[in-house]
1. Can you tell me which residue within the range 300-350, out of those that are without any contact (Cβ under 8 Å) to a residue 12 or more places away in the chain and either surrounded by fewer than 17 Cβ atoms within 10 Å (Cβ to Cβ) or over 30 Å from the mean Cα position of the chain (by Cα) (or both), is nearest to I365 (Cα to Cα)?
2. Mind listing just one residue for me: the one in the range 376-409 that is of a type in the set (F, W, Y) and either touching a residue at least 24 places away in the same chain (Cβ under 8 Å) or crowded, with 20+ Cβ neighbours inside 10 Å (or both) and, of those, nearest to A226 (Cα to Cα)?
3. Of these, T107, T124, which one is surrounded by fewer than 17 Cβ atoms within 10 Å (Cβ to Cβ) and either touching a helix residue (DSSP H, G or I) at 6+ places or on another chain (Cβ under 7 Å) or modelled with pLDDT of 90 or more (or both)?
4. Name every residue in the range 364-384 that is part of a helix (DSSP H, G or I) and among the hydrophobic types (A, V, I, L, M, F, W, C), in order of residue number.
5. Give the number of residues within the range 438-450 that are modelled with pLDDT under 85, farther than 14 Å from D479 by Cα and out of contact with any Leu (no Cβ under 8 Å at 6 or more places or on another chain).
6. Somewhere in the range 299-307, is a residue modelled with pLDDT under 95, touching a strand residue (DSSP E or B) at 6+ places or on another chain (Cβ under 7 Å) and closer than 26 Å to T149 by Cβ?
7. Has the range 484-491 got any residue that is modelled with pLDDT of 90 or more and assigned to a helix (DSSP H, G or I)?
Amino acid sequence: MALVVGSIFASSPARSSRQSLIGARRDLVIVATLISAMALLIWNGNSFVQRLSIAEGEFSETLRIAAVALCLNVALILFGWRRYADLQHETEKRIEGEMRAQVIASTDGMTGLLNRKGFGDKGTRIAAGAESSGSQLAILSIQLHRFKTINDRYGYDVGDAVLRRLADALDRDVPVDAALSRLSGGEFAVLIAIGDQQEALDLAEQMLRTVTTPLEEQGKYIQVGAFLGLSSASPRGNSIPHLLRRADIAMAHARSARAARPIWFDSGMERELIAQSEIEQGIRFGLDHDQFLPFFEPQVDLSTGAITGFEVLARWDHPLTGIVAPDRFISIAEEHNLIGRLSDQVVRKALAAAADWDPSITLSINISPRQFTDSWLAQKIVRLPAETGFPAERLVVEVTESSLFADIDLARTIVHSLKNQGIALALDDFGSGFSSLSHLSALPFDKIKIDRTFVASIGKNRQSAAIVRAVTTMAQALDVPVVAEGIEDAAAHETLLQMGCASGQGWYFGKPMPAEDAKHLLRHSQALPSHATPSLPTAQRG
């Protein structure tokens, strides 16, 4: 239907011109007919009156003909006038229908804002005005975050109501002479003429505050996030689609960086986008050709040096560049919803490789915040040990604080489902995000992992040392073991041991290694000396 309406109005100026010409000709014919009929009525009326006075009341044949002619003239005038009124009414209805169709073609039916076509039409007028006044054009591209989760969890009725309320709130923020559009599901755009970039930045910050403000809908407390990108340029020589594309690139950059502030476009983002697109295609190819592998980072008992488990980390065995570290591809896999397939491929291989290792050795796997929005996540994880023969009680699932903060109710459901199957839970990167004791009391965690940023500076920064000591003391009170990440020297090892930290991992004890090296390490060294690190080929380090 949208395509039909668009095609109808694509040539509306020429169509309107032709219809106006046809209508003018028709009106001219009707008016000429009415004037002729009235003139004939006057002529026939005069003739009839004269003959009637001469006949002295007697109706001759000539008088009867004159009477009939007079009646016909009256009828013709009445018919012509009625026809003219009908045509005028029909024309008004047609014009009203065309205007209504044009509004429908330019308006988003859900929110009442402009759609993409309406955005372009109004944007052209704004650009013309900006060029004549010497102003700059700015486009703000904003995308809602976690909005799909609202639809999945509460239903589309609630999601649609939230969307309309957010649209109304944004409409109040935007100046009346700007163009506000809903471009797609949870994506909005604003086009505005500005005197300087600060005007656009102030509006962008206000829009982010508006969108992220919690609201209550149908008895449910709901909060969404948002990412926002901006671009600006002179209206001369810069089309609106070009500016919108740049703003979208900046918004995508904000989304990949998880930035909670507006991000301005720069040319480096476009080059980065091209590079990321190539990596994305490489990831898809790699998943189809089984190129992703598990590497194993040792976890040790800090008091004895004995290996207690391994953390599974993803590596990409690229046919051209060799082993690729996860910081090159994990964020891109998350952004393009490939992290689920990638995680399944890596974890499946890790569990199959470690199934016959020492029964006391645990494997810890990381779950991305993106995966935690999947209500079927628990079932997918539980299936892996059963299919690979790996004991579920030796599996530890690491969950970041940011995953819990996004949807605590869903997180609670997933965590309890995993615990019921004997799988242990670890709260990863504790202290780096939305640290809250409520997370520890609401969810049955088996371990707490202190973020590596605090461990790395524990000997140099008093605040880091105080945070690690506080977390360790709290965990001891809750009877939850603490695992320290990022131990890279003997001093950090000794400090953590004195603070009561039970376990740790880091390059001081061993870098991530392939399954065969991990198996070799377990076979020949059940305890790592505090000064030793396994000797690995250079290509396998990092």
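The values are calculated or read from the model by the stated rules, or taken from the named source; none is laboratory data. Values in this document were obtained by computation on a predicted structure and should not be read as measured data. Don't worry about glycine lacking a Cβ; one is built from the backbone with ideal geometry, like all the others, and counts go over all protein chains shown.
1. It comes out as D327.
2. Across the range 376-409, the extreme among qualifying residues is F405.
3. Values: T107 fails: surrounded by fewer than 17 Cβ atoms within 10 Å (Cβ to Cβ).
After ruling out the rest, the residue left standing is T124.
4. So in the range 364-384, the residues part of a helix (DSSP H, G or I) come out as 371-373, 377-384.
Within the range 364-384, F372, L377, A378, I381, V382, L384 meet the criteria.
5. Counting residues in the range 438-450 that are modelled with pLDDT under 85, farther than 14 Å from D479 by Cα and out of contact with any Leu (no Cβ under 8 Å at 6 or more places or on another chain) gives 2.
6. no
7. Yes, there is a match, as at least one residue in the range 484-491 is modelled with pLDDT of 90 or more and assigned to a helix (DSSP H, G or I).
Yes/no per residue for (1) at pLDDT below 90; (2) among the β-branched types (V, I, T); (3) within 20 Å of Q223 (Cα to Cα); (4) crowded, with 19+ Cβ neighbours inside 10 Å:
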| position | (1), (2), (3), (4) |
| --- | --- |
| R164 | no, no, yes, no |
| A169 | no, no, yes, no |
| P175 | no, no, no, no |
| A179 | no, no, no, yes |
| G185 | yes, no, yes, no |
| F188 | no, no, yes, yes |
| I192 | no, yes, no, yes |
